[in-house]
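Input: a single structure, listed below in structure tokens.
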Amino acid sequence: LFSFVGHATEINGKLFLIPAGLKLKDTANLKSDDDLERHLRRHALLFDEVQAILRQVRRGQKPTVFVLDCCRSNGFYSTRAPAEDKMAAPSPDLINSCIIFSTQSGQVAFDGDPGRGGPFMSAFADSILLPNASLDDIMIETRKRVIQSTNEVQMAPAYSALTEKFVFNPGDGS
């Protein structure tokens, strides 16, 4: 399980995970998405690289689940016109894996109360406790709650390349 809760942005179809507390300086001087991408490569974690590392280590031998509770919008264009939309959902690049997002591409993920998480993480955390629920069952339950609690703004999409059933809580004590 790889879980990330925080800030992220999608630029040129790439998802960058931004460490908490990181203050990106001089972004107003960046002239294009390509400039911003080069800047982020120095200061943030490219999700494709996370998948590449796990692909080498795991080789699809066991299920790998990525849970990303973060914005997926380009939040750097508040003072200048947005560039052409080049966002694309990262897809599983690892056999026997699944990527779960708190919100769809290009959208902001709602925050929640301190210590409880936003609508997605609250629903997901409750759903993984369901005994014998497959990841598909968990995501259906999570998605219903997220859609309802955000008035249909967030959908909690998942992209799967799982090759076996995955259960968080087997319910039989194992």
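A few notes on this one:
- Residue within segment 18-25 that is modelled with pLDDT of 85 or more, in contact with a Phe, Trp or Tyr (Cβ under 8 Å, 6 or more places away or on another chain) and surrounded by 12 or more Cβ atoms within 10 Å (Cβ to Cβ) present: no
- Scope segment 145-174; condition touching a Leu at 6+ places or on another chain (Cβ under 9 Å) and in a loop (DSSP other than H, G, I, E, B); matching residues: Ala161, Leu162, Lys165, Phe166, Phe168, Asn169, Gly171
- Qualifying residue in segment 131-140 (condition: under 21 Å from Gly106 (Cβ atoms), touching a residue at least 24 places away in the same chain (Cβ under 8 Å) and of a type outside the set (A, V, I, L, M, F, W, C)): no
- Residue within segment 119-134 that is farther than 18 Å from Leu1 by Cβ, modelled with pLDDT of 85 or more and either touching a helix residue (DSSP H, G or I) at 6+ places or on another chain (Cβ under 7 Å) or surrounded by 15 or more Cβ atoms within 10 Å (Cβ to Cβ) (or both) present: yes
- The listed residue being aromatic (Phe, Trp, Tyr), in contact with a strand residue (DSSP E or B) (Cβ under 9 Å, 6 or more places away or on another chain) and either under 22 Å from Cys71 (Cβ atoms) or part of a helix (DSSP H, G or I) (or both), out of Phe124, Phe110: Phe124
The values are calculated or read from the model by the stated rules, or taken from the named source; none is laboratory data. Computed from a predicted model, the values in this text were never measured in an experiment. Cβ: placed from backbone, ideal geometry, glycine included. Neighbour counts: every protein chain shown.
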